[in-house]
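Working notes, beginning with the structure itself.
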Amino acid sequence: MELNSSVAAVVTGGASGLGEATARALAARGVRVAIFDMNEQKGEAVAADIGGVFCKVNVTSDDDVDAGFAKARAAHGQERILINCAGTGNAAKTASRDKTTGETKHFPLDAFNMILQINLVGTFRCIAKSAKGMLDLEPLADGERGAIVNTASVAAVDGQMGQAAYSASKGGVVGMTLPIARDLMGDGIRVNTILPGIFNTPLMQGAPEPVKAALAASVPFPKRLGNASEYASLAVEMCSNSYFNGEHVRIDGAIRMAPR
């Protein structure tokens, strides 16, 4: 797919981190970008900076997602590109004993479900609603109508202690990539997923410097945290390279996460 001003895109989680970097990279190619995010202040600022549009969207809400797509399409037309970066995480052992009191507890099921709803169901919700709209687009070369890029994590395949919910949600994103690509292959809509390692996102920037240094040292090469622009570069390639389909790709400096 040729990326230019004739193409519209929606980036979920586009107000910061990996999503912001991707929104900026697409806009730099001339693509008309709409940002879905919960952070209105940051989202409006990024959208204004790239000449895009901001839509306040909670990806767990059908109404929010429908309204977001309606606003984005009113401004830019039907999107040919969807980038799913909205997501979050938590940490708790499946079951544990308090070392002081001896009290036992398990991972709160509502907290487990919340992560699945945001990371997995929220991603699928946006895919399904975006793909439905893409079906009405006129095909480009090779019959292509659209490209979808999802964000999983290396935790999908080597999750650490306490990451049961996060790993399950991201593993689900990986697992549904190929079936969705097959669902949409007859209509020229491609689907791929990126599995980032340890990236220098706003969430990571809040960690103490010794922690960040230790994490960087654990990466085989290069021995540093990933930059959001490196994620964005791969996402853009997945959009522009029409033979890229049904794949999940790690971008992690060859790291394999330890148990803890």
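A short reminder: the numbers here are calculations on the coordinates, not readings from a lab. Just so it is clear, the model here is predicted, and its values are computed rather than measured. Glycine also receives a Cβ, built like all others from the backbone with ideal geometry; neighbour counts cover every protein chain displayed.
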Quiz item: Of Thr100, Asn4, Ala207, which is farthest on the positive side of the dipole of the chain, counting Cα position, with +1 on Lys and Arg Cβ, -1 on Asp and Glu Cβ, and the Cα centre as origin?
Solution: Thr100
Self-check item: Karplus 3J(HN,Hα) series, Hz, for segment 52-58 with 6.51 cos²θ - 1.76 cosθ + 1.60 (x for Gly, Pro)
Solution: x, 10, 9, 10, 6, 9, 9
Self-check item: Charge dipole (segment 1-148, unit charges on Cβ, about Cα centre) - positive-most of Ala86, Ala28, Phe54
Solution: Ala86
Self-check item: Two-site label geometry, Ala258 and Ala217: point separation in nm, points 7 Å out along Cα→Cβ
Solution: 1.0
Exercise. Could you tell me what % of all Cα pairs in the chain have separations over 33 Å?
Key: 19
Exercise. State the extension gain, in nm to one decimal, for the chain segment bounded by Glu138 and Glu2, taking 0.36 nm per residue of separation less the distance between their alpha-carbons.
Key: 47.5 nm
Exercise. Going by C-beta contacts inside 10 Å, put Lys223, Lys56 in order with the fewest on the left.
Key: Lys223, Lys56
Quiz prompt | Given charges at beta-carbon only (K, R positive; D, E negative), |dipole| of the chain in Debye | solution = 720
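Size of the dipole of segment 20-59 about the Cα centre, Lys and Arg at +1 and Asp and Glu at -1 on the beta carbon, nothing else charged, in debye to 20?
Using only the charged Cβ atoms, the result is roughly 180 debye.
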Quiz item: Which residues' amide hydrogens lie under 5 Å from the amide hydrogen of His248, considering only partners 5 or more residues apart or on another chain, with H built in the peptide plane?
Solution: Thr193
Quiz prompt | Under Karplus coefficients 6.51, -1.76 and 1.60, residue-wise ³J(HN,Hα) of segment 126-138 in Hz, glycine/proline x | solution = 5, 4, 4, 6, 5, 4, 4, x, 5, 4, 8, 6, 6
Quiz item: How about segment 74-107: which trypsin sites (Lys or Arg not before Pro) there lie in a loop by DSSP and see at most 11 other Cβ atoms within 10 Å?
Solution: Lys99
Practice problem: On a 0 to 90° scale, report how tilted helix 17-28 is relative to the longest principal axis of the chain, with both axes built from alpha carbons and the result rounded to the nearest 10. | Solution: 20
Practice problem: Return the whole-Å distance between the Cα centroid of segment 49-118 and the Cα centroid of segment 137-198. | Solution: 16
Quiz item: About the Cα centre of segment 35-167, what is the dipole size in debye to 20, counting +1 per Lys and Arg Cβ and -1 per Asp and Glu Cβ, all else neutral?
Solution: 380
Self-check item: Long pairs among Lys42/Lys71; Lys71/Lys132; Lys56/Lys93; Lys56/Lys129, criterion Cα-Cα beyond 24 Å
Solution: Lys56/Lys93
Quiz item: At Thr101 and Met185, where each label point lies 7 Å from the Cα along Cα→Cβ, what is the point-to-point distance in nanometres?
Solution: 5.4
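Which percent, to the nearest 5, of DSSP beta bridges fully inside the chain are antiparallel?
10
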